[in-house]
Amino acid sequence: MTRIPAVCVALVASLAPFATFAASPSATKRAAVQSVDQHADELIRLSDQVWEFAETALREHRSAKLLADYAESKGFKVERGVSGMPTAFVATYGAGRPIIGVMGEYDALPGVSQKATADKTPLVEGGAGHGCGHNMFGAASLGAALAIKEQIEAGKLKGTIRFYGTPAEEAVGGKTYMVRDGLFNDLDVVLAWHPGDETQADTVSSQVMVDMIVEFHGKAAHAANDPWNGRSAVDGVELFLHGVNLMREHIKPTSRLHYTIVSGGDVPNVIPEYGKVWIWARDWERAEVDGLLARIRKLAEGAATMTETSSKLTVQGGSWELLTNLAGARLLQGNLEWLGAPSYTTDEDDFAKRIQRATQVPEAGMDKAIKPLENQEMEGGSTDVGDVSWVAPTLHVTVATSPKDAPWHAWPVVATGGMSIGHKGMLRAAKTLAATMVDLYERPAALKEVRAEFEKKKGDIVYKAYIPDGPPPIPAK
Ligand SMILES: [Zn+2]
């Protein structure tokens, strides 16, 4: 689903100044970064294999097994199939506090299959592809966890490292189920990253989202012989969606509504007895989304009344907004700057420019800057990382893996995610996460500051997931 950046002005504005931590790196930090380099070939292989598997939400069986097996082979204790999801797992090493988590995703998107080429060419016609770069996400985070594991093993760091294999971010939000089941509750802090077209320690939030299914049940009849005996579920669907679209005039400019008609009858000569709509509502504010949900319920009921059908609204998922952490962002920023700006070969930059030409965006090549913490761009999108951020302080960084401004959830991200541009971003992300975790293990005052900010921002709000009991539904694609 996701691009993280979005703005929560109130949070950001209250947290000036934006100074970053720039002390000289410890020997352990250097060793952790070297560990990523030592395992670079393996991590690239993991990323490329997950890229090739291109498995969609809750079908990431080979991808999850690959990462879990790798963690196990490196000495992590691995618990598979957590929270009722066969493709979710937790890999742990070490003992005692602090307990630091790092999250990895590995689900692909349907319909965006693409070769690692600068022109639009599917690898598998109609197949799935890593249009959000989650192949790199999982591999880099696991690489960072491994770098920390080695420092704990060598007696350089004390505590526990935990890698969370979190499936289905693009569909049902696997993390939400893991949060609901308390899997993050004992963490001192958790880190995540996301591939992007730029590099920054994120200081902006994501959108709240609620994911609903609205079904209509009517009565089938012969459409020519006795239509008066039928009641069309698709009439219910149409009136419901007409209501949704009229409502758009009366919602906040920040709100978003998007839907697909999943089922709209089979043939014209049968009055359809079943219709199904999949609809999402988003805003930056949870209260707005909750208000939209209540209004959408009324629209469904009203449409059912008008068409003498029945309606059923099911909330099947949703995400809270990301609770940002500026103290954590400063640590990430310090490490991004210490590692230095990304660099690319002429061939890589040309590859990026060819993609930019093909997608009609400025031919600027790769973005080589490290963005400052202030004035980060507002972009729409939601993520189940948001849910995690309400139970454990969450540090989030975006690392460039694709050409500047090229479309996301689309073939360019798949293309660069399967070649050296993506590999470089993936390794940079692993190093940034590893270096930042070393800071958190080595500097109790830094961890304390991160936690204090988390407690202050969270206040007395108690997280409650937008999901029902039980395991998530497996998406149709
Ligand atoms: Zn994503």
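Near Tyr344, once Lys and Arg are set to +1 and Asp and Glu to -1 for all other residues with Cβ below 9 Å from its Cβ, the sum equals -1. Spatially, segment 41-63 and segment 205-259 are offset by 37 Å when compared through their Cα centroids.
Multiplying the residue separation of Met306 and Lys252 by 0.36 nm and removing their Cα-Cα distance gives an extension gain of 16.7 nm.
Residues of the chain were split at every exposed loop site, defined as GluC sites (Glu not before Pro) in a DSSP loop with at most 13 other C-beta atoms within 10 angstrom, and the longest piece left, sites excluded, is 126-307. Length available on full extension from Asp266 to His61: 0.36 nm per residue minus the Cα-Cα distance, which gives 70.5 nm.
With helices as the sole contributors, the chain gives -12500 deg cm²/dmol at 222 nm; each DSSP H run of n ≥ 4 counts as -39500 (n - 2.57), and the sum is divided by every residue. Label point of Val462 set 7 angstrom out along Cα-Cβ; within segment 303-342, no amide nitrogen lies under 13 Å from it.
Counting neighbouring beta carbons within 10 Å and listing from fewest to most, the residues Trp338, Trp320 come out as Trp338, Trp320. For Val397, the residues 5 or more places off, or on other chains, whose built amide H falls under 5 Å of its own are Ala192, Trp193, His194, Asp202. Given 37 °C and 0.692 mPa s, how large is the Stokes-Einstein diffusion coefficient of the chain in µm²/s, with Rh as the Kirkwood radius over Cα pairs? Here the translational diffusion coefficient equals 142 µm²/s. Rounded to whole numbers, the Karplus 3J(HN,Hα) couplings from phi for segment 244-251 are 4, 6, 5, 5, 3, 5, 10, 10 Hz, using 6.51 cos²θ - 1.76 cosθ + 1.60 with θ = phi - 60°, and x at Gly and Pro.
Got a sec? How would Asp69, Asp48 order by Cβ neighbour count within 10 Å, fewest to most? Can you show the working numbers first?
On the way: Asp69 13, Asp48 20.
Exposure proxy ranking, most exposed first: Asp69, Asp48.
Here the 3J(HN,Hα) profile of segment 138-153, calculated from phi with Karplus coefficients 6.51, -1.76 and 1.60 at θ = phi - 60°, is x, 5, 5, 5, 5, x, 5, 4, 5, 4, 5, 3, 5, 6, 5, 4 Hz, Gly and Pro shown as x. Seen against the Cα atoms of the chain and their longest principal axis, helix 61-73 is set at about 20 degrees.
Could you work out how far helix 444-458 tilts from the main Cα principal axis of the chain, as a 0 to 90 degree angle to the nearest 10? Computed tilt is about 20 degrees. Sort segment 327-477 into rounded, prolate or oblate with this rule: let a ≥ b ≥ c be the square roots of the eigenvalues of the Cα gyration tensor; rounded if a/c is under 1.5, and if a/c is not under 1.5, prolate when a/b is larger than b/c, oblate otherwise. Oblate is the answer for segment 327-477, as a/c is 1.5 or above yet b/c matches or exceeds a/b.
Pairs from the list Lys65/Lys464; Lys120/Lys175; Lys371/Lys458; Lys276/Lys298; Lys149/Lys175 with a Cα-Cα gap above 20 Å: Lys65/Lys464; Lys120/Lys175; Lys371/Lys458; Lys149/Lys175.
Projecting the Cα atoms of Gly84, Pro98, Ala40 onto the charge dipole of segment 29-104, computed from C-beta unit charges around the Cα centre, puts Pro98 farthest toward the positive end. Label positions at Lys77 and Asp37, each projected 7 Å from the Cα along the C-beta direction, are separated by 3.4 nm. To the nearest 20 debye, what is the magnitude of the charge dipole of segment 18-140 about its Cα centre, counting +1 on the Cβ of each Lys and Arg and -1 on the Cβ of each Asp and Glu? That gives a dipole near 420 debye.
In order along segment 276-286, the Karplus-derived 3J(HN,Hα) couplings, from 6.51 cos²θ - 1.76 cosθ + 1.60 at θ = phi - 60°, round to 9, 10, 10, 9, 10, 10, 9, 6, 7, 9, 5 Hz, and Gly and Pro are given as x.
Placing pseudo-labels 7 Å out from each Cα toward the beta carbon at Asp119 and Ala224 gives an inter-label distance of 4.9 nm. Sparse packing (at most 16 other Cβ atoms within 10 Å of the Cβ) combined with a DSSP loop state is found for the following trypsin sites (Lys or Arg not before Pro) in segment 311-385: Lys368. Extending 7 Å from the Cα toward the beta-carbon at both Arg30 and Asp181 defines two label points whose distance is 4.3 nm.
When only the Cβ of Lys, Arg, Asp and Glu is charged (+1, +1, -1, -1), the dipole of segment 74-157 relative to its Cα centre reaches about 300 debye.
Each of Thr260, Pro362, Leu187 was placed along the dipole of the chain (beta-carbon charges, centred on the mean Cα), and the one lying farthest toward the positive end is Leu187.
Read the figures in this text as sums done on the coordinates, not as results from a lab. Since the model is a prediction, treat every value here as computed from it, not as a measurement. Note that we place each Cβ from the backbone using ideal geometry, even for glycine, and neighbour counts take in every protein chain shown.
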